[in-house]
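Comments concern the structure below.
The values are calculated or read from the model by the stated rules, or taken from the named source; none is laboratory data. Only a predicted model underlies this, so the values are computations on that prediction, with no experimental measurement involved. FYI the Cβ positions are ideal-geometry reconstructions off the backbone, even for glycines, and counts take in every protein chain you see.
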Amino acid sequence: MRDEQLLERIVVDQKVMVGKPIIKGTRLTVEFILITLAHGAAISEILDEYSGLSEDDIKACMLFASKSMEDSSFMPLTEAAV
């Protein structure tokens, strides 16, 4: 699936979740999905928990986050040990 097709799965609506990016047709934020993955959940576990989601929805969240970072400077939260 092309990037544009994946990104069409992510929408922003000020009336839903205070305007945070969400997966279209849900109230699940991109942030929630990414945090869930970061805490060790497998994609299959998320899909089992939220039956309306697809693997492409999860991929869309990751792509959205990646694209969001393209034009920003990343600053580590702590200094690396030298």
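Name the pairs whose Cβ atoms lie under 6 Å apart, with the first residue in the range 43-72 and in contact (Cβ under 8 Å) with a residue 60 or more places away in the chain, the second among the hydrophobic types (A, V, I, L, M, F, W, C), and 6 or more positions between them or separate chains?
Listed pairs, sorted by first residue: L63/L6.
Condition (residue is under 14 Å from the mean Cα position of the chain (by Cα) and either part of a loop (DSSP other than H, G, I, E, B) or not aromatic (F, W, Y) (or both)) applied to the range 68-79: is it met by at least one residue?
Restricting attention to the range 68-79, the residues satisfying the condition of being under 14 Å from the mean Cα position of the chain (by Cα) are 68-69.
Those still in the list that are either part of a loop (DSSP other than H, G, I, E, B) or not aromatic (F, W, Y) (or both) too: 68-69.
Taking every residue of the range 68-79 in turn, at least one turns out to be under 14 Å from the mean Cα position of the chain (by Cα) and either part of a loop (DSSP other than H, G, I, E, B) or not aromatic (F, W, Y) (or both).
Yes or no, residue by residue, for (1) modelled with pLDDT under 95; (2) surrounded by 13 or more Cβ atoms within 10 Å (Cβ to Cβ); (3) hydrophobic (A, V, I, L, M, F, W, C):
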position	(1), (2), (3)
Q5	no, no, no
V30	no, yes, yes
L34	no, yes, yes
S44	no, no, no
E49	no, no, no
K59	no, yes, no
M62	no, yes, yes
K67	yes, yes, no
S72	yes, no, no
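Can you tell me which residues in the range 13-37 are β-branched (V, I, T) and assigned to a helix (DSSP H, G or I)?
If the condition is that a residue be β-branched (V, I, T) and assigned to a helix (DSSP H, G or I), then V18, V30, I33, I35, T36 are the ones that fit.
Take the conditions in a loop (DSSP other than H, G, I, E, B), touching a Gly at 6+ places or on another chain (Cβ under 8 Å) and surrounded by fewer than 17 Cβ atoms within 10 Å (Cβ to Cβ) and apply them to G40. Does it pass?
Numbers: in a loop (DSSP other than H, G, I, E, B): yes; touching a Gly at 6+ places or on another chain (Cβ under 8 Å): no; surrounded by fewer than 17 Cβ atoms within 10 Å (Cβ to Cβ): yes.
It is false that G40 is in a loop (DSSP other than H, G, I, E, B), touching a Gly at 6+ places or on another chain (Cβ under 8 Å) and surrounded by fewer than 17 Cβ atoms within 10 Å (Cβ to Cβ).
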